[in-house]
Each structure stands twice: as C-alpha cells, then as structure tokens.
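Quick notes on the structure that follows.
What follows draws every value from the coordinates through simple rules; no lab data is involved. Fair warning: this is a prediction, and the values are worked out from it, not measured in the lab. Using ideal geometry, Cβ is built from the backbone for each residue, glycine included, and neighbour counts are taken over all protein chains shown.
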Amino acid sequence: MKANSFSALLAGAVLLSLSGCASVRGSADCPADARDLPLQSLYGRWDAHFDGLPAVAAVQLGKHPDYDGVRGTITRHGANPAKAAVAQLAGDVDDEGALSIDESQDGRAISAVWSGKLQAGSCGREFRGTWRNAADESTHPFVLSKTVAQEGKQ
C-alpha cells in the first residue's frame, strides 16, 4: 500500500512541476500580477499576435541598460518575409501591474504604445492588452506569449 501511495504522490509532484506553475492564484510559483514577476522573467523571445493580422511578430526583450525595465525589438514579417520591419521597444511594469511598452520605428519618436495585463494562470508567460498606433490613434488587441524555447531558461 505504501508503494502505491508514494507512486501517486510522486506522479502528482511530477505533473505539477511539468506544468510550470501551481494552480493557486498568487502563489510564488505562478504570480497573478505582473508586479510580482521578477524582471528577468520578461527577458527572452515572445510571439506577438495582433487582432486581425495573420502573421505572428517576434519580440525579443532583455535588460534595459538605463533603468529597471526591458529593451528589445519587434520584427514583423507581414505578407513578405524578405521585407521584415524591425522596431525598437522599451518598457516596464507600471504601478497598476500593466506591462507598458513604447515602440519606435526610428529609434527617436514613439510610434505605438502597448499596455497589457498578465493573464491569470499563465505563470508570467502571457499578456493580453491593447496596442495603440501613435499616428492615427487606432487600437488593436494583442496577445504576447513567451515562446516554448525560452521557458526552460528562466
């Protein structure tokens, strides 16, 4: 009997560790709010999906050299992969727990602003929010998802 109980307990522990987070809201393993995430969890490669656009954009984030935040790039391939558009990104988690990112096409002026909330149960691997184009004030929902290749490096 003890061997069966131990096997069941071990199997449960393995499943929990493979899931990457506990299901308890706000636990140390799976923060419910981006303010509870270590900044380093934002580093790495992300996929950005924008409402109404079929192509996935590649986002790369790393440590910002000047403040506690992130800096990186977004690469949009659009219909022609040979003509990728790359923009610069810089941001942080604001006082309300939103991931706030400024996007710049030319490295000087802000061309778009991102504001997204950490999704409960995603363990820091998914943000959803709104992307606002600075030129025409249009908005588009986005989903920012951490790529699988980066999950093991955190």
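In this Cβ point-charge picture (+1 for Lys and Arg, -1 for Asp and Glu), region 24-151 has a dipole of about 440 debye about its Cα centre. Here K146 is the anchor, and the aspartates and glutamates within straight C-alpha reach of less than 14 Å, apart from those fewer than 8 places off in the same chain, are D47, E126. Against the empirical curve 2.2 N^0.38 Å, the C-alpha radius of gyration of region 51-154 lands at a ratio of 1.07.
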